[in-house]
Amino acid sequence: MAVDVTAEGTDKLFTYLVPRSLAGRLTPGQWVRVPFGGRRLVGLYVGPAERPPEGVALKEIAGLLPDIPPIPAPLVQLARWTADRYLSTFPAALRLLLPTEARRQEVRTLTITNYRLNVDDVEALVSELRRRAPRQAELLAYMARVGGEAERAQVLADLGESIAGPIRVALEKGWLTAGRVARRRDPFADEHVEPAPPPVLTPEQEQALASIRQELIAPPAFRQPVLVHGVTGSGKTELYLRAIALVREMGKNAICLVPEISLTPQMIQRFRARFGGDVAVLHSALSAGERFDEWQRIRRGEVSIVVGARSAVFAPFENVGLIIIDEEHEQSYKQEAPPPAYHAREVAAERARLEGALLVLGSATPALESFHLAQTGVYRLVSLGHRIDNRPLPPVTLVDMREELRAGNRSIFSRALVEALDQTLSAREQAILFLNRRGYNTFIMCRSCGEAIQCVHCAVALTYHLGDDHLACHYCGYTAPVPLVCPSCGSDKIRHLGAGTERVEQELQRLYPHVRVARMDVDTTRRKGAHAAILKRFADHEVDVLVGTQMITKGLDFPGVTLVGVVLADTSLNLPDFRAAERTFQLVTQVAGRAGRGDRPGRVIVQTYQPDHAALQAAAEHDYHRFFAEEIRFRQELDYPPFAHMIHLVISGEDEAAVAATAQNVHRVLAEGGFGGQILGPAPAPLAKLRGKYRYHLVLKGPDVRAMAAEVKACFAAARGKWRASRSVSLSVDVDPVSIL
Ligand SMILES: [Zn+2]
Ligand SMILES: [Zn+2]
Ligand SMILES: [Zn+2]
């Protein structure tokens, strides 16, 4: 029999013979090792070859990847769909189906040695041995005492390393037999969670759950995905837990996706308190061994619930009944690199369709695309408009920072924010200050020539970091000492401008020397566990004010927080990107939602230079519908998503002329190859240079994304690589980009 196998780096299928040793043992979805041009590669057996190539001596499959069960057929289909939809190769998409370390065979099932006692009358043997071989007697008595079976490591720990000799003798005599058992690497090994009974649902939650139940039991052809639009603090997580419980009762499995940053120990504990050991987790903080073992537990059906980040949408379950995406608007659901640049929400929708599962999306600030689908009847909209216990949403005050300047206040804190901080801190309550820029000064400018000091590799201003007194590029990591004179004109009139979180922290400490301040951003959370440690200190009220970037905007539930300050809302508003307003609305709403979640009411102060901006006004009113109405009109007028799909092509390389020429060629390949949609560009990208490479981009637009993707593929196939002006130029393709910078 001949079979087709995929291999890395190419979209072709290769045909192999099945050796006799594997006859009858091969099922589609099986990972195999194959000889390939003098090397051994890992491939995936796709299915029998339709027509084996003629006149070619076929090679045999070398063997199976040990220890790895085949991938369920719907997932192989899902990988195929993902490759087509996001314009990657099929093998690149298949990589999503197995942890990298497992594919590279760098990790395997951990097995340990254990011993079993094999003596009928232990007492007699022990008393016989006691005099002439006391250690031997001790070993056998120990084995009898622990029930006849023990792990080697445990025996050595209890009886001392020197027991190894008597063990060897006992094995020779046949008193003990040795075996190997699999040992799970358990990410929760050190944590004990008390089971927690479910709380009573609010009437709104009851209604929402009833809607989800209806969809769960509906015939798949009539099943509508559910969008849960719930204000912050309205109890969405409890709703997810109830929905998962329903699906379990139906004998099916559930996948719950959560943004990576929200996958805190507290979050996972909530699931484990409800479902105990029936929960597996998949996220990047696991060790390779833990990830492999969790993957195996899912594959073998030992759990029925997976909680995980983006890639868990490919969890190797069979019989999935429910896929939940919490905070579905989060950009982290979009993969950036390596290809395929998939969006977990789209993949989840396709997986739900393939497997007849229900898709449930939840957010306080749904993505425009999702809410549009709810408005047009594709999704079923479920609203949670009230917080638990009818706690009010915190009032939001917009502070015009231009007024502050006019009144002579040059501080980064407005008078209103300082007053609110005074009150909060003297009442021994907690505050959160949010600013979506890290570092101390966000740029350094020469007053003589007006130049901002830029990264040598990127067209990006360098950020000043006070902690280690240097300039850093937040795109490529380049660092440099602070120059004493301007690199362009030699003037010494260098000014530091723009505040980042480091500066906020310092100013706060200057204003309130006795207040305990912690900062949470990429710089303070590089170490493993640092993120959780800061959150714990804040939860235990060892910290009064938490300063942070968007890391602090989601999922944090600290009842002691009564004040949230947005130090500058404009940072995301001015980006040259069509999602700038949406991003700003989401950030401000989410961070405002951290206030007043306990018994005491909260309030929010948002500082801005654009207090009249519609997105900020809507966020201040907690009015998603108003924001949506405004923004959807803008998107329709300009033919942006959700009214059109986009494909973002970025051409980059060190030689700018070659990059520009290639970008022109790409335009020609598409225009002359019959691409049916709009072609915008080429033009230098807003981030015109990154990591030493110049960047040009094109944006393709059209109504039907699958048709567009197929056309792009066909155009490039027809051009046979002749569009590349130099081999050093590379092209990246992003279908439905979340940003086009
Ligand atoms: Zn200068
Ligand atoms: Zn630094
Ligand atoms: Zn850089």
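Computed from the coordinates by the stated procedures, all read-outs in this text should not be read as laboratory data. All values reported here derive from a predicted model rather than from experimental measurement. Neighbour counts are summed over all protein chains in view; Cβ atoms, including those assigned to glycine, are modelled from backbone coordinates with ideal geometry.
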Neighbour net charge for residue 200 - beta-carbon separation under 12 angstrom, K R +1, D E -1: -2
Signed unit charges on C-beta, dipole axis of the chain, positive-most listed residue 504, 251, 35: 35
DSSP-defined antiparallel bridges as percent of all bridges, the chain, nearest 5: 55
Ranking of 323, 412, 217 by count of other Cβ atoms within 10 Å, fewest first: 217, 412, 323
Diffusion coefficient, µm² s⁻¹, Stokes-Einstein with Kirkwood Rh over alpha-carbon pairs of the chain at 37 °C and 0.692 mPa s: 111
Neighbourhood charge, 12 Å Cβ-Cβ cut-off, centred on residue 444 and excluding it, Lys, Arg +1 and Asp, Glu -1: +2
Neighbour-count order for 675, 36, 222, fewest beta carbons within 10 angstrom listed first: 222, 36, 675
Cβ charges +1 (Lys, Arg) and -1 (Asp, Glu), total dipole of region 645-735, debye: 200
Centre separation in Å (Cα based) which lies between region 548-592 and region 163-206: 42
Overall form of region 111-182 per C-alpha gyration tensor (a/c, 1.5; a/b vs b/c): prolate
Which of 372, 541, 514 has the fewest Cβ neighbours within 10 Å, and the rest in rising order: 514, 541, 372
Pairwise FRET efficiency - residue 570 versus residue 50, Cβ, R0 = 60 Å, nearest 0.05: 0.55
Mean separation of Cα contacts under 8 Å (6+ apart) over length of region 203-389, as relative contact order %: 35
Point-charge dipole on Cβ atoms (K/R +1, D/E -1) for the chain, about Cα centre, debye to 20: 1560
Global geometry of region 203-389, whether rounded, prolate or oblate, following the gyration tensor of its Cα atoms and the 1.5 cut on a/c: rounded
In range of the label at residue 495: residues from region 464-481 whose backbone nitrogen is under 17 Å from the point 7 Å along Cα→Cβ: 464
Percentage relative contact order, region 333-474, counting C-alpha pairs under 8 Å, at least six apart: 8
Full-extension gain in nm, residue 73 to residue 318, via 0.36 nm per residue minus C-alpha separation: 87.3 nm
Tensor-based shape of region 660-741 (alpha-carbon gyration tensor, a/c under 1.5 rounded, otherwise prolate or oblate): oblate
Inter-site label distance for residue 612 and residue 482 at 7 Å from Cα along Cβ, in nm: 3.7
Charge-dipole axis of region 613-728 as Lys and Arg at +1 and Asp and Glu at -1 on Cβ define it, positive-most pick from 649, 708, 669: 669
Length gained when the stretch residue 302-residue 278 is fully extended (0.36 nm per residue, less Cα-Cα span): 7.9 nm
For the chain: relative contact order, % (alpha-carbon pairs under 8 angstrom, 6 or more apart): 10
In nm, spacing of pseudo-spin labels at residue 376 and residue 509 (7 Å Cα→C-beta vector): 5.2
C-alpha center-to-center spacing [region 694-723, region 332-351] in angstrom: 19
Charge context of residue 677, other residues only, Cβ under 11 angstrom, K/R +1, D/E -1: -2
Extended-chain gain in nm, criterion 0.36 nm per residue less alpha-carbon gap, residue 704 and residue 427: 94.1 nm
Student exercise, region 2-97 dipole from Lys, Arg, Asp, Glu Cβ charges, in Debye to nearest 20: 180
Estimated distance in nm for a label pair at residue 156 and residue 726, the labels positioned 7 Å out from Cα along Cα-to-Cβ: 5.8
